[in-house]
Amino acid sequence: MIAYLKGNLIQKKTSQVILDIGGVGYRASIPLSTYLKLGDINEMAELHIYTHVTDSSLALYGFYSEKERDLFLKLISISGIGPKIALNILSGIESSDLEDAIRQSDVARISLIPGIGKKTAMRIALELQEKLDLKEKVLETQSIKEKEDLISALMNLGFKRREVEKIVDECLQTFSLDAGFDKLLRESLKKLARL
């Protein structure tokens, strides 16, 4: 299965592109949002790919970001929404706006997307709300665990929990968990050294 492509952009249309990778042209259908972010013809381009295989065809769907591809995968997991409708949805609304509309059960906003009726909009809001909430809970659980690991490491170095918690919260506000455990530990130690 093809999951990622990087190559020379030899054709670019609003609904599809062709990438030349080592002399082989890969055609991928894309949403309008990806089209707007890609460079010009003969420039290097990268796409996160979903490979759709049926009995009669093999089709590639390309996205500028993994987040957009993940949202596309969630959309096609809904009964009655295939890849073409999912692409149409992502072409009609920014992915962050769609996520907001889903979280707020804003069926009216979703049904403004061309080709999406009220029933389909309701199904999207209902089914994807659970999946988006689940993802947020997983991220929240991960951040609590990583914060506790950081506090534990500092306490093992002889610091008191009360002073450590405050410093760790300050570091997380400044750097977030993306900074990595080692950097957060170093920054926390620097702050504790100043106490």
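The values are calculated or read from the model by the stated rules, or taken from the named source; none is laboratory data. Note that the coordinates shown come from a computational prediction; the quantities given were computed from them, not determined experimentally. Methodologically, a virtual Cβ is constructed for each residue, glycine included, from the backbone with ideal geometry; neighbour enumeration extends over all protein chains shown.
Suppose we filter the stretch 57-75 for residues that are part of a helix (DSSP H, G or I) and either touching a residue at least 12 places away in the same chain (Cβ under 8 Å) or small (Gly, Ala, Ser) (or both); how many remain?
The number of residues fulfilling the criteria is 9.
For the stretch 73-109, what are the residues that are basic (Lys, Arg) and in contact with a helix residue (DSSP H, G or I) (Cβ under 8 Å, 6 or more places away or on another chain)?
74, 103, 109, listed by residue number.
For residues that are at positive phi and among the hydroxyl-bearing types (Ser, Thr, Tyr), tally how many sit in the stretch 1-38.
The total comes to 0.
So, of the residues in the stretch 1-56 that are free of Cβ contacts under 8 Å to residues at least 24 places away in the same chain and small (Gly, Ala, Ser), which turns out to be surrounded by the most Cβ atoms within 10 Å (Cβ to Cβ)?
25
Return the total of residues in the stretch 47-57 being under 16 Å from residue 76 (Cα atoms) and aliphatic (A, V, I, L, M).
2
Which is closer than 25 Å to residue 28 by Cα, within 15 Å of the chain's Cα centre (by Cα), modelled with pLDDT of 90 or more and among the small types (Gly, Ala, Ser), of 62, 82?
Just a single option satisfies the conditions, and that option is 62.
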